[in-house]
Amino acid sequence: MKTEHKTVFIAFSSQKGGVGKSTFTALAASTLHYRMGYNVAVFDADFPQYSLMKMKARDLAMVMENEFLKRVAFRQFSAINKKAYPIIQHKADGVLQAANDFLEALPVPLDFIFFDLPGTVNTPGILKALAGMHHIFTPITADRVVMESTLIFTQLMRDVIMKKGETSIKSINLFWNQVDGRERNPLYEVYTSLIDELGLPLMQSQIMNSTRFRKESEAGAKTVFRSTLMPPDERLMKACRLDQFMSEFLRIVQF
């Protein structure tokens, strides 16, 4: 008989492309699974691009072609004594049932399942999938178009879906991404004030702008940031404050 173990369903979700939801899914999943000892799986439901499935294929090829990373990966998997977390491809429609079926078939319970979902609310099954999340994290940037679409989407989730009561959502959390620490942008103060007025939760952690988010690791690289096979390099995590973000993330989801 299985002991009761509640797996937390999480989505990095946004109605605007290019703000980093697939990247954050990989960063959070890899940090938790490879460095912090949690058991994780990912459902890539971002049809048709399936970015995380493609990322995993690239990561495997890169490790096999890079002798240094091959040794690092071997040492890592020997030390943690578990496999890479699975990434399962599925359309948004029916993805919750697929995830629950997947959990039922596992001999070892999972702590987290991450869902990489499409960025448009008119995708079949998307609202049902979002309503089935326990926590939603939404990256925002100081850009008018990004902010307008994000605030409308977040209010929809809070005022329509959460208030209906037919939902698992415990929290929706906005957080600043791609913050340039070298320049003072008045939009941050304007939008932070607006978010506060709307009563929407904004995380304290801010992710600093880093070319690492947009740059694939080069051949011969000796550090890894965004990977489905290894956790992000600790120095790079500190540089963009991803370490602070992950600590706050775990407090929010109560792990």
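The values are calculated or read from the model by the stated rules, or taken from the named source; none is laboratory data. Since this is a predicted model, take the numbers as computed values, not measurements. Cβ coordinates were reconstructed from backbone atoms using ideal geometry, including for glycine residues, and neighbour counts include every protein chain displayed.
For the range 32-54, the tally of residues that are surrounded by fewer than 22 Cβ atoms within 10 Å (Cβ to Cβ), of a type outside the set (Phe, Trp, Tyr) and either farther than 19 Å from residue 128 by Cα or touching a helix residue (DSSP H, G or I) at 6+ places or on another chain (Cβ under 7 Å) (or both) stands at 9. Scanning the range 149-182 for residues being among the basic types (Lys, Arg), assigned to a helix (DSSP H, G or I) and surrounded by 14 or more Cβ atoms within 10 Å (Cβ to Cβ) gives a total of 1.
Taking the range 183-208 as the range and being part of a loop (DSSP other than H, G, I, E, B), exposed (fewer than 11 other Cβ atoms within 10 Å of the Cβ) and modelled with pLDDT under 90 as the test, the residues that pass are 183, 184. Evaluation of residue 98 against the conditions (1) in a strand (DSSP E or B); (2) touching a His at 6+ places or on another chain (Cβ under 6 Å) shows that the sole unmet condition is (1).
To keep it simple, each residue is scored yes or no on (1) hydroxyl-bearing (Ser, Thr, Tyr); (2) closer than 21 Å to residue 236 by Cα.
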{"position": "31", "(1), (2)": "yes, yes"}
{"position": "43", "(1), (2)": "no, no"}
{"position": "68", "(1), (2)": "no, yes"}
{"position": "79", "(1), (2)": "no, no"}
{"position": "104", "(1), (2)": "no, no"}
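Only residues that are of a type outside the set (Phe, Trp, Tyr) and surrounded by 15 or more Cβ atoms within 10 Å (Cβ to Cβ) were counted in the range 61-81, giving 7.
If you filter the range 104-148 down to residues that are in a loop (DSSP other than H, G, I, E, B) and hydrophobic (A, V, I, L, M, F, W, C), you find that the one that is farthest from residue 168 (Cα to Cα) is 142. When residue 217 is tested against (1) under 29 Å from residue 125 (Cβ atoms); (2) modelled with pLDDT under 95; (3) crowded, with 16+ Cβ neighbours inside 10 Å, just one condition goes unmet, and that condition is (1).
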